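The structure appears below as structure tokens.
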Amino acid sequence: MTGDDQKLDVVLEICGISPLPQDKEIMLKNFVTAREQAALLWGVAEARYEEPGLIFSAKL
Amino acid sequence: MNEYLTISDALDGLRENEITATELVEKAIETGKSLDDELGIYIARYDEHAREAAAAADAVYAAGDEPGLLQGIPLGIKDIITTVEGETTAQSLVLDRSWGPAIGDAVVVQRMRDAGGVITGKTTTMEYAIGVPDWTKPFPIPRNPWNTEHWTGGSSSGTGNGVAAGAFLGGLGTDTGGSIRIPAAYCGISGIKATFGRVPKSGCVPLGYSLDHIGPMARSARDCAIMLQVLAGYDPSDACAVDAPVPDYLSGLTGDLTGLRVGVDTLAQHVGDDGDPATVAALQAAVSVLSELGATVTELALPYYAELNVATRVTSRSEAFAYHVPDFRSRWGDYFQSTRTGVGSAVAFTGADFVQAQRVRRVGQKAVAALFADVDVIVTPTASIGALSLEELGDLGGGWFRSMHTSYWNAVGNPALSVPMGFTAAALPLGMQIVTRPFDEATGLKVGEAYQRATRWHLAVPPLAGRYDVAVRDQGDLTDTAA
Amino acid sequence: MSEKYLTIADAAVAMRDGTTTSVAITQEILDRTATLNPALGAYVEVTADAALEQAAAADAALADGIDHGPLQGIPLAIKDIIAMREAPTTANSRVLDPEWGKGTDAPVVARLRAAGAVFVGKATTSEFALGLPDPDKGFPIPHNPWNVAHTPAGSSSGTGVAVSAGLALGGLGTDTGGSVRGPASVNGHTGLKVTFGRVPKSGVVPLGFSLDSIGPMARSAYDCALLLEVMAGYDASDPNAADVPVPKYSELLSGDIAGLEIGLPIPYFFEHEKLDPEMKEAVLGAVKQLVDLGARSEEFELPYANEAKDANHIIMVAEAYAYHRNDLVNRWTDYGYATRPTLARGAFYTAGDVAQAQRFRMMWSRLVARAFEKYDVMITPSAPAPAEKASEMTVSRRLLTPNYTGHWNLTGLPAVAVPVGFSTAGLPLSMQVIGKPFAEATVLKVADALQRITDWHLAVPPVEALVAAA
Amino acid sequence: MSPSSEEIVTSLLSMARLTVSDDEKATFVRDFPLIREGADGLYLPDVEFDEPAVKFNPLDYYPATAWPAVQAQSTRSEEV
């Protein structure tokens, strides 16, 4: 099981971001909060069959 | 020379030659200059340009021509919106300084100029409308005019404290998660985030493409109506602008709320003991004023409260991250720490999280539309706490975000007006948030303006600005307002 | 295979001049399906009884002078991710909730029903409209009727096979990155991906919310026009539906393309090292035939075409992953061996990537719109190569091969696949005609103009061997 | 030392709570650079000032005539 700090290193690597040492602690805190918040979105049962709110129109 | 607190009073004075635009603007310049160092109102002041514009405005009055809706009125522009007078910085070392001048005036700025408005300068903002003040960066620290150890709220900080202190009578802010309404509430003035797409947002540095709004901030709801009349309306330069007709907002301000159905949610249940006790009391007092004015008031609970706030956060962080990632990679350290770690938290979200956030917004839209089948207006506090002290701010991850009740309405796009509704025991302003159906700003402004005929909170002027004690005396001693 | 009624148009005439009836045509198709479906895997479920009832009702109505239009009595195949009353929708998956869309018609199916169409059954589809068929999941494996060792492509595989092998006179497919045009291309018939919002897509299992489209598949462009006239038009149930008037498409196929400006985008679509030379030659040959009819063609530089393919893929898998996320977590192995890793790619893209893909999409759409100020249509090959050998296809390989269709889902434009010949190995070759938003009439007119002077679209695969073996 | 493809894929699958077979994971690890190349290729300078193509419509779910003040023109009726 990879810990949160390894996961943070992974996503930073994918995004090509290299924070300063003094940022790491805040980034890790924000990472964990963000993951918890994102999980909230998947608890909304009514969203199961819903279209996204952002809509595309072929006409520019 | 009597003092003009609001745009509408100043316009009357100008029309009846009680004051000239030159005098009005000079007074504003003088106030701005005297308080700027202490309050951090401006990034750049355009004194000379303003004086020229004021003289031009006087010429129109003198010639007896039809004056514009903002003829001769001094206005502050948040420094992420472009104007011809100079650069736009977004209060950041990173923004390419040639970007703003290449655009010239944003559509909203052009509209205010065409209406005779006088631009006094570019006001302070949180970095890229998201980074909290950072003392290690060469930018002013915006301070609350009611207590300079406290924050103005953000991100339209300088527009907020500038209106409150009298550096200008109105100004532009932007609102992606509450950045018009929070500084309006914390500085004790009015401000409206209109419907998404109501006011064109081209010529503005983006934060969240599907959440950003440009909007007016001024002392009164009536002043916001005057400014919105100038700002609203479709423009092809903004891909998100909606081509819907603009009603006459001023004629809608009848002061009569009979038959209007108002739904109230104190949101105290979401804030727990973080909330300031004065908030619920002030809201209940405010709502009783609305019912005295003829409104029928019921209780309601906002659906998906936490989920929609998260949907706004996931969306704004992800959209901002796409915009910033090239500069994050090359100039990470040039950003405020709170900006880079705040927007940087988007690394935690997957592509699917972003799509899911848009599905949740849709579910929220449907549920809110259902609420509006039974009410015409929804009222909540703008925030459950007064302005935090500057030390308490920390970074954007702090829990205090839970006490802000604004980003919910960015998720679903409804128009939301904030008006002052009193003070905390620590004499810090509190705001009431008035929300209506999409493109029905008129009803929200009518409720706010009617409320401001019956109360004077919006006329309270920070002691620091000390020149007008008339309003403060009428409110009684500020400290007992929380009783 | 009745040689007489290859197209909807022919069958419609024959039914009205008394030489045949819907019941006769439908019965013949049902018999042919019974014989060939085991070898071709076109249908997940054939609704024979209901089809014959519909055919009888269509004949009775015609006899009473009630004429709902050319689709009356026409047997159609419906891709099995579109809700149709007579049968459950499976999406070729064990994961889809059996209650999904039970006993209901998608608005597009309801419109065909109201026009008197006959529904032969639910046609096989790639699972949830992406990936490759998985023999272990118990659904029929579709085969290319021109060479059963080759792929019928996807994801609207079954509809493509049915139209090509005469197991229906037309049908519905869906297209998110090429799933109508791919099967039309390799099975040798016409398939139209419509403008985003042209046809309501409610009542369909989504793959990419902002990319999906429902399209007509039939032998000819004229038949596609007959189907589109009935399918198109606003419906409040689809938030993406565009409230744009629906012209009588079949009446606009004048055959006159004098002065038509054709743009040939290079280098990606014509100079890619993976582009099969026979495909390129056949497409340029067809363009020459159009020029002989009075059109003008010209190559032009269209940059970032490879990035556009990636942007379409990223948006598709991110949107699909959001829809499938909980099932992927809980029922990973219930998904097909190729579907699940393709869907799971959604977990490897960040939210910033998706937001950026949508920004790229705006930039590229504007780039293409500028090209369309000069050209009436663009023409490209429908695919870089004819049908691949099924056994050589893997999920990873698809990452490497170029794709010529996803670009037009990304930009939401109408694009039709049109047969233009056969490879020396006897596999169909196809060109793609792309138009401006809501210009379905123009792209169909160009396809129809070619089909008036060629008969590639009328070629029937050599299924006698299959029939003999049955 | 930055994480390898193997560590990245392991971490992402764990974040997504996906349990995959060993050979599926091996395929992901092998394909991962190509998957990322697609995403990274989209951060082009030409896209610096572009809005996303998908947009938000606040009017959804509100009947156009729900309120007297504004007869909002439906954003659905795009002329051809």
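None of the figures in this text is laboratory data; all of them are computed from the coordinates on show. Since the model is a prediction, treat every value here as computed from it, not as a measurement. As a convention, Cβ positions derive from the backbone with ideal geometry for all residues, glycine included, and neighbour counts pool all protein chains shown.
Please list, in chain and number order, the residues 5+ apart from C:G421 or on another chain whose amide H is under 5 Å from its amide H, with Hs placed from the backbone.
Amide H neighbours of C:G421: C:L429.
With an 8 Å Cα cut-off and a minimum separation of 6 or more residues, compute the relative contact order for chain B in percent.
Values: 1125 pairs, mean separation 85.3, N = 483.
The value is 18 percent.
With the contact rule set at Cα under 8 Å and sequence spacing of 6 or more, what percent relative contact order holds for the range C:8-469? Mind dumping the intermediate values first?
Details: 1068 pairs, mean separation 83.9, N = 462.
Normalised by residue count, the contact order of the range C:8-469 is 18 percent.
Need one value for B:308-314: mean number of C-beta atoms belonging to other chains within 10 Å of its residues' C-beta atoms. Walk me through the intermediate numbers first.
On the way: counts 2, 2, 8, 6, 0, 4, 6.
Averaged over the peptide's residues, the number is 4.
Would you tell me the mean number of C-beta atoms belonging to other protein chains that fall within 10 Å of each C-beta in C:194-201, as a whole number? Present the calculation step by step, with values, prior to reporting the outcome.
On the way: counts 1, 3, 5, 7, 1, 0, 0, 1.
Taking all residues of C:194-201 together, the mean is 2.
Mind putting a number on the dipole of the range C:8-469 about its Cα centre? Charges go on the C-beta only, +1 for Lys and Arg and -1 for Asp and Glu, and I need it in Debye to the nearest 20. Don't skip to the answer; put the middle values down first.
Working: 36 positive and 51 negative charges, 194 e Å.
Computed charge dipole of the range C:8-469: roughly 940 debye.
Which entries of B:K366/C:K102; C:K309/D:K25; B:K122/C:K309; C:K201/C:K288 show an alpha-carbon separation above 31 angstrom in the structure shown?
On the way: B:K366/C:K102 24 Å; C:K309/D:K25 25 Å; B:K122/C:K309 43 Å; C:K201/C:K288 36 Å.
The pairs that break the limit, which is 31 Å between Cα atoms, are B:K122/C:K309; C:K201/C:K288.
Using DSSP to call loops (not H, G, I, E or B), can you name the trypsin sites (Lys or Arg not before Pro) in the range A:1-59 whose Cβ has at most 14 other Cβ atoms within 10 angstrom?
On the way: sites: A:K7, A:K24, A:K29, A:R35, A:R48, A:K59; in loops: A:R48, A:K59.
For trypsin sites (Lys or Arg not before Pro) across the range A:1-59 that sit outside H, G, I, E and B with at most 14 neighbouring Cβ atoms in 10 Å, the list reads A:R48.
Add +1 for every Lys or Arg and -1 for every Asp or Glu among the other residues with Cβ under 11 Å from the Cβ of C:I8, and state the total.
On the way: positive: C:R219; negative: C:D10, C:D223.
Local net charge: -1.
Can you return the aspartates and glutamates within cross-link range of B:K27? Criterion is Cα-Cα under 13 Å, with same-chain partners fewer than 8 residues away left out.
B:E3, B:D47
What is the packing order of peptides C:50-61, C:324-335, C:349-360, taking the mean over residues of other C-beta atoms within 10 Å and listing the highest first?
Details: C:50-61: 19.3, C:324-335: 17.2, C:349-360: 29.2.
Going by the mean number of other Cβ atoms within 10 Å, highest first, we get C:349-360, C:50-61, C:324-335.
What aspartates and glutamates does B:K446 reach when the alpha-carbon gap must be under 16 Å and sequence neighbours fewer than 8 apart in one chain are set aside?
Counting by Cα, and skipping residues close in sequence, B:K446 has these aspartates and glutamates nearby: B:D223, B:D248, B:D256, B:E292, B:D376.
Using a cut-off of 15 Å between beta-carbons, work out the net charge of the residues near B:T312 (Lys and Arg +1, Asp and Glu -1, B:T312 not included). Write out the running numbers ahead of the final one.
Working: positive: B:R181, B:K193, B:R313, B:R317, B:R359, B:R361, B:R362, B:R402; negative: B:D175, B:D212, B:E307, B:E319, B:D353.
Overall, the nearby charge balance is +3.
Taking A:K29 as the anchor, which aspartates and glutamates have their alpha carbon closer than 15 Å to its alpha carbon, excluding any fewer than eight residues away along the same chain?
Hits, sequence-local ones excluded: A:D4, A:D5, A:D9, B:D395.
Averaged across the residues of C:320-330, what count of C-beta atoms belonging to other chains lies within 10 Å of each residue's C-beta?
On the way: counts 2, 7, 15, 9, 1, 10, 3, 0, 6, 5, 1.
Partner-chain Cβ atoms within 10 Å, mean over residues of C:320-330: 5.
State which stretch of chain B is the longest one without any exposed GluC sites (Glu not before Pro), exposure meaning a DSSP loop state and at most 10 other Cβ atoms within 10 Å. Working shown, then result.
On the way: sites that count: B:E16, B:E391.
Looking at chain B, B:17-390 is the longest stretch - no exposed GluC sites (Glu not before Pro) with at most 10 other Cβ atoms within 10 Å.
For the pairs C:K79/C:K248; C:K248/C:K280; A:K7/A:K59, flag any whose C-alpha to C-alpha distance is greater than 30 Å.
On the way: C:K79/C:K248 25 Å; C:K248/C:K280 33 Å; A:K7/A:K59 40 Å.
The answer is C:K248/C:K280; A:K7/A:K59.
Find out how many positive minus negative residues lie around C:A61, taking Lys and Arg as positive, Asp and Glu as negative, among other residues whose Cβ is under 15 Å from that of C:A61. Numbers along the way, then the final one.
Details: positive: C:R16, C:R113; negative: C:E53, C:D59, C:D64, C:D67.
Around C:A61, the surrounding residues sum to -2.
Find how many whole Å separate the alpha carbon centroid of the range C:74-115 from the alpha carbon centroid of chain A.
So the separation of the two Cα centres works out to 36 Å.
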